[in-house]
1. Return yes when B:VAL232 is crowded, with 21+ Cβ neighbours inside 10 Å, in contact with an Asp or Glu (Cβ under 7 Å, 6 or more places away or on another chain), part of a helix (DSSP H, G or I) and not assigned by TED's automatic domain parsing to the domain that holds B:MET117 and no when it is not.
2. Quick check on this structure: which one of A:ASN154, A:ASN173 is polar (S, T, N, Q), in contact with a Pro (Cβ under 6 Å, 6 or more places away or on another chain) and more than 14 Å from chain B (Cβ to nearest Cβ)?
3. Residues that are acidic (Asp, Glu): list the strands (runs of 3 or more DSSP E) wholly contained in region B:1-90 that include at least 1 such residues.
4. Taking region B:91-109 only, how many residues are assigned to a helix (DSSP H, G or I) and surrounded by fewer than 21 Cβ atoms within 10 Å (Cβ to Cβ)?
5. Being over 19 Å from B:ILE248 (Cβ atoms) and β-branched (Val, Ile, Thr) is the filter here, so list the residues in region B:34-48 that pass it.
6. What are the residues in region B:92-123 that are under 19 Å from A:GLY199 (Cα atoms), more than 8 Å from every other protein chain (Cβ to nearest Cβ) and not hydrophobic (A, V, I, L, M, F, W, C), if any?
7. Which ones in region A:213-242 are of a type outside the set (S, T, N, Q) and within 8 Å of another protein chain (Cβ to nearest Cβ)?
8. Run B:LYS83 past the list (1) within 17 Å of the chain's Cα centre (by Cα); (2) more than 14 Å from chain A (Cβ to nearest Cβ) and report the number of the one that doesn't hold.
Amino acid sequence: MPDQLLYAMEVTLNGLMAGVLYALVALGFVLIYKASGIFNYAQGVMALFAAMTLVGITEGQVPFSHLINAIFGTEIHNFGWQLPGLVAILLTMVVMVGLAWCVQQFVMRHLVGQAPIILFMATIGLAYFLEGVSDLMWGSEIRKLDIGLPQGINETLDRVTYDLFGYGFFIDNLDVVASVIAALLVIALVAFSQYTKQGRAMRAVADDHQAALSVGISLNFIWVMVWSVAGFVALVAGIMWGTKSGVQFSLSLIALKALPVLMLGGFTSIPGAIVGGLIIGVGEKLFDFMIGPMVGGATENWFAYVLALVFLVFRPQGLFGEKIIERV
Amino acid sequence: MLDQAGGYTTVDGRKIGGVVMEMKNITLRFGGVVAIKDISFDIREGEIRAIIGPNGAGKSSMLNVISGFYVPSEGEVWFHGEKRPPMRPFEVARQGIARTFQNIALFEGMSVLDNVMTGRLTHMKTGLFSQALWKGPAEKEETENREVAEKIIDFLEIQHIRKTPVSRLPYGLKKRVELARALAAQPKLLLLDEPMAGMNVEEKEDMSRFILDVNDEFGTTIALIEHDMGVVMDLSDRVVVMDYGKKIGDGPPDEVRNNQDVIDAYLGVAHD
């Protein structure tokens, strides 16, 4: 096989893996949009907050320690424990459910029936607020997140491809793990929405509020549940991205990368988020590989957005979107 | 003819039981507009009770008060001998009051069967994890609820569209699916908001037959709103007549039909 083709294959594979990570973020958007028609601008910050909380809990950091010390003149910073990853993840999930409850109780509940743009604005406010809370709780330094996920080059794949083609593929182990986890997450989410009582209620609420009330569904409960699930997805995305490039403010900007994914896949489709993510991931890597050298490189930064723009012109509801919906 | 303690017997010989729901001096205001003015009536077990009146009489408002979508400004709602505290609509639904809507509120994206199954939500008790794993009690519960849903689907003769997404159905069938969803909850009281609205004669006859059959077969207590006098008079055991938010008549169809106030309201005699 010619080298060029092999190299393109490797790039495609890496693109698929990157796409999975985009899809993870996009999933959180889709969940909330489906169930409540809210475009949640804060999804990226939720990923940041989740990752920060996970690091803080793992390392036994005292939340709001700077604030507490400044007020009471104390010198506490650390509980002095080092928690195993799974326990820390569970505790973080508890925090995310608490956050979901707060969002519903203090923000969204008071905005029921408002225009989508109002709800969208509220989530922008939520994003800034949450960013501030995250800084206040855990500090603003760049943190290293290591809960024991495998990292570095996948040697098996490298060896196998070298034996086959005489050229070893370089694939990061973390990307492989991320792909597997994302696949499991999607299966779990689909199973949840199709086969459980709560999932059925969630779909009902997404479809018609009045009808949902008339069959005994509490909208409040469903919305807290949906925000919790979105929080869980944010946590998974936060773990993956945080492990990859450290937990820092820029993590919240991955939300921007999810936008073109959503435009491609449609705001209302879970499979759409996955396929959209993969197309963007592969598209931008291949484009950079093939066209990049002709235009001076660095195409990864804009390719996704241009692709999304093209989609908006020809198929505004996205590949899997249910209907034309209001853009934000 | 109304025996206060134990109910009464209808013209066609059905036994009607005690009071299921009692509305006591209900008043409903929206700002300065009075939608319902001091209305009292009761609904008895097993009867088909109609609320009729010209457009804008406050019928739908009354139904919304019963189903908890509106909270009355004054007055009390008594259900099964207990005064009902102010409740949100989903809590009312969980008490066993199911309803349909004038402008059909179905889950358009779901199949007919899924829509009917949402009517079973209030009867499902098992937790999230056992459902997700599809084991034991959850499986048994799903099967049982499925059986109830299928029985109602058969009863309303919509087997052939079980798997069809609701958005693809014609209007008349949608109305029937909505009735099926409400029935799936096996309600103690079934509220129908203009079940015949927008239907042609044939569909109206079908719907009337289903309403009578439901009442007959399951003994369901039904309260319905209609402005089509003819249909109501044939269907119902007792009728409340509303006009401009006030009650102007209450009794069996024949009695109401000859009530001068009712005739005036329907023929449009000027109010003084």
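1. Yes.
2. Within the list A:ASN154, A:ASN173, the selection yields A:ASN173.
3. Fully inside region B:1-90 and qualifying: B:19-30, B:33-44, B:74-79.
4. Counting residues in region B:91-109 that are assigned to a helix (DSSP H, G or I) and surrounded by fewer than 21 Cβ atoms within 10 Å (Cβ to Cβ) gives 2.
5. B:ILE48
6. B:SER111, B:ASN115, B:ARG120, B:HIS123
7. A:LEU213, A:VAL215, A:GLY216, A:ILE217, A:LEU219
8. (1)
The values are calculated or read from the model by the stated rules, or taken from the named source; none is laboratory data. Given the structure is predicted, the values throughout are model-derived calculations rather than measurements. Every residue, glycine as well, gets a Cβ built from its backbone with ideal geometry; the counts of neighbours run over all protein chains shown.
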